[in-house]
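Working notes for the structure below.
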Amino acid sequence: MFLQIVKTPEGDAPEIYREAWRGLIFSVDPSDVFEANQGTEYSIHCEPIPPRKHFVVGSRTALILLGLNSLEAVGFFVGSWPENMYYKQISFGWDEVVELPNNHETLAQYRLQFLQVAKRGICDDD
């Protein structure tokens with residue numbers, strides 16, 4: 001399934017950095033969608049987030065795509081998380097996204113993000 005961030009995600013990061021997630025499209029396996037009573041989410045400061053329906057994506061991919069909108073936001077999140085968080089997952093609330101149709105057009109939009117990453121030279125140096 002494809003999900004697009006359409007609402008500024010909640011959290012304790014400054015709004016300017018949370019706003020940078022808007023518009024990004026993620027490919028999400030249905031097994032990575034959790035009901036409010038499943039799993040616990042944590043803020044960048046390791047505070048529990050109240051239970052809600054949410055989904056998770058790999059943090060490396062998410063941060064690379066975030067670089068399309070704001071390299072400053074990437075720097076903020078990488079610098080704010082505990083060191084071990086960078087290798088895990090990022091979660092977003094279900095109310096912050098829309099599910100896009102699973103068709104060729106959506107797949108093309110999703111893949112275009114990665115072409116833009118390559119064109120701009122945004123990469124994962126680790």
**OP:** Please find, among VAL74, VAL97, VAL57, the residue that is crowded, with 17+ Cβ neighbours inside 10 Å, in contact with a Gly (Cβ under 6 Å, 6 or more places away or on another chain) and either at pLDDT 85 or above or not aromatic (Phe, Trp, Tyr) (or both).
**Re:** VAL74
Original post:
Of all the residues that make up the range 37-54, how many are modelled with pLDDT under 90, farther than 16 Å from SER80 by Cα and either touching a helix residue (DSSP H, G or I) at 6+ places or on another chain (Cβ under 8 Å) or among the small types (Gly, Ala, Ser) (or both)?
Top reply: 1
Original post:
How many residues does the range 23-38 contain that are assigned to a loop (DSSP other than H, G, I, E, B) and free of Cβ contacts under 8 Å to residues at least 40 places away in the same chain?
Top reply: 6
Original post:
Given (1) more than 19 Å from ASP12 (Cα to Cα); (2) under 11 Å from the mean Cα position of the chain (by Cα), where does VAL97 come up short, assuming only one miss?
Top reply: (1)
**OP:** Scan the range 100-111 for residues that are surrounded by 17 or more Cβ atoms within 10 Å (Cβ to Cβ) and part of a helix (DSSP H, G or I) and jot them down.
**Re:** THR106, TYR110
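The values are calculated or read from the model by the stated rules, or taken from the named source; none is laboratory data. Nothing here was measured: the structure is a model prediction, and the numbers come from that model. Cβ atoms come from the backbone with ideal geometry, glycine included; neighbour counts cover every protein chain shown.
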